[in-house]
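The values are calculated or read from the model by the stated rules, or taken from the named source; none is laboratory data. Values in this document were obtained by computation on a predicted structure and should not be read as measured data. When we count neighbours, we look across all protein chains shown, and the Cβ atoms used for this are built from the backbone with ideal geometry, even at glycine.
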């Protein structure tokens, strides 16, 4: 699909009632956060304000992905699909790019870029989550994530140019709805479940809070991070938030590395795992030193 066709599609969506309905609801959600008292709780540790911020944040990220898709189009093929897939679900993006046969023989640099840009999108979302939900100490919390994001982005630009293979896949990413509210509500409920689960595990099963965060981050980083920040706001202790962020980043690196090791394209292993592991080590070094 050409850039002109994408611009035509974007113009069509901008003229539709669905886009403006979603935009009005999104503005209303963010505006309501200015007036809702911070003390109102749904259950201990989860305030109404934090839940509305989570819903507004998830909807905003979907809107950003919608515009990125229609403005960038498929000019970069797999690369833009990987980046946008990271906004939706970096875990599913890694599973798709590593386990499906159609990517087994794609150019190693193209697939590596797509996966690393998926991680960049995921880390950018993590920063948005912290800036939206954290009530204090946002800079120490975001520093490890910013470090890892900067290093992986640099590696993406330093990788050799992709040649000798097709730059697009048979399966195309389609983003035709500005905000899919069912997904927003589903993910918000998932975050609420994680908040409750992590608190239940730490309080009633005598399992360390960081351990439960680590195991859950192997499957879902964004939700666990939102739950950890919510817990950190309600019971702040020295360095708890920073350690939680590093633990979640470690879980993400390990799970993504496992997918790559078990993947069908062996040529990407050194590049992707090296970038993930090396960037995490440097992010940890920035925090501890």
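A few points about this structure:
- Within region 151-166, considering residues that are in a loop (DSSP other than H, G, I, E, B) and surrounded by fewer than 17 Cβ atoms within 10 Å (Cβ to Cβ), the one modelled with the highest pLDDT: 159
- If only residues of region 100-110 that are at pLDDT below 80 and in a helix (DSSP H, G or I) are counted, the one that is surrounded by the fewest Cβ atoms within 10 Å (Cβ to Cβ) is 101.
- First in region 42-56 and at pLDDT 65 or above, second anywhere and in a strand (DSSP E or B), Cβ under 8 Å, 6 or more apart: 47/41; 48/41; 48/42; 51/42
- Any hit, region 91-98, residues being surrounded by fewer than 24 Cβ atoms within 10 Å (Cβ to Cβ), assigned to a helix (DSSP H, G or I) and modelled with pLDDT of 80 or more: yes
- Residue within region 34-41 that is in a helix (DSSP H, G or I) and either at pLDDT 80 or above or over 27 Å from residue 190 (Cβ atoms) (or both) present: no
- Residue identified as modelled with pLDDT under 70 and under 24 Å from residue 49 (Cα atoms) among 195, 127, 185, 180: 195
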